[in-house]
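The values are calculated or read from the model by the stated rules, or taken from the named source; none is laboratory data. Quick caveat, the model's predicted, so the values are computed rather than measured. A quick note on method: Cβ atoms are made from the backbone with ideal geometry, for glycine too, and the neighbour counts reach across all protein chains shown.
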Amino acid sequence: MPRDEQRARVYAAEQFVRTLFDRVHEHGNGTVEFFGANITLPPEARFASVDSVQRYVDDVLAHPSVRSRWPAAEPLAVRARRGATAAHYEYDGNVATIAVPERAQSPSLRSPRETTWALRELVVLHEIAHHLCRTEPAHGPEFVATFCELTDAVMGPEVGHVLRVTYAKEGVR
């Protein structure tokens with residue numbers, strides 16, 4: 001299996017984009033200056049439970065542009081994950097599943113961002129992109145292209161643009 005050499009850079013870029021969305025949400029204004037251009041970002045969906053993530057995943061996979069681009073996409077299950085530090089995609093050859101932490105493990109984590117960081121649209125779309133692109137390395141150029149295409153289709157071209165620019169800035173291919 002090839003080494004996932006750009007995994008850390010992909011995660012750093014995506015953390016920057018999530019922080020950008022957090023700041024936009026905190027200020028209640030969707031417009032941001034992004035590398036010299038004013039861009040209006042759409043609201044990012046936040047989820048209350050694993051069940052609501054499952055409904056969202058089902059809707060994304062049924063979306064006409066997603067169905068058109070990835071017609072062979074199989075169903076994707078969502079389950080709760082015990083740890084609070086990661087979400088992940090798993091495929092055992094029969095069933096594809098996204099595991100997301102639903103609750104923080106530590107009572108000291110009090111802010112919504114700390115307790116439900118994975119229950120947000122960008123994280124879920126990242127995991128769906130793994131489902132649509134089962135190549136190795138897991139965060140290679142094919143995955144990055146798939147995630148950008150998926151965000152274009154589901155959230156809008158502004159989000160895809162922000163991801164592409166941020167990936168480029170981080171040295172992601």
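Looking at segment 148-173 only, could you name the residues that are modelled with pLDDT of 95 or more and within 16 Å of residue 4 (Cα to Cα)? Give the derivation first.
Just the residues of segment 148-173 that are modelled with pLDDT of 95 or more, to begin with: 148-172.
The answer is 167, 170, 171, 172.
For segment 35-56, residues that are within 25 Å of residue 116 (Cβ to Cβ) and outside any strand (DSSP E or B) total 15. Pairs linking a residue in segment 137-155 that is over 17 Å from residue 18 (Cβ atoms) to a residue that is among the charged types (D, E, K, R) and in a helix (DSSP H, G or I), with Cβ atoms under 8 Å and 6 or more positions apart or on different chains, are 137/7; 138/7; 149/69; 153/69. For segment 72-102, enumerate the residues that are without any contact (Cβ under 8 Å) to a residue 40 or more places away in the chain, surrounded by 14 or more Cβ atoms within 10 Å (Cβ to Cβ) and assigned to a loop (DSSP other than H, G, I, E, B). Selection gives 84 alone. Residues that are farther than 16 Å from residue 121 by Cβ, touching a residue at least 24 places away in the same chain (Cβ under 8 Å) and not in a helix (DSSP H, G or I) within segment 57-71 comprise just one, 70. Taken as a whole, the condition of being surrounded by 14 or more Cβ atoms within 10 Å (Cβ to Cβ), in contact with a helix residue (DSSP H, G or I) (Cβ under 7 Å, 6 or more places away or on another chain), at pLDDT below 95 and within 18 Å of residue 156 (Cα to Cα) does not apply to residue 57. Screening 124, 24, 32 for residues that are at pLDDT 95 or above and either outside any loop (DSSP other than H, G, I, E, B) or not hydrophobic (A, V, I, L, M, F, W, C) (or both) leaves exactly one candidate, 124. Annotation: residue 113 fulfils all but one of (1) at pLDDT 95 or above; (2) not in a strand (DSSP E or B); the unmet one is (1).
Residues in segment 159-173 that are farther than 15 Å from residue 36 by Cβ and in contact (Cβ under 8 Å) with a residue 40 or more places away in the chain were compared, and the one that is surrounded by the most Cβ atoms within 10 Å (Cβ to Cβ) is 163.
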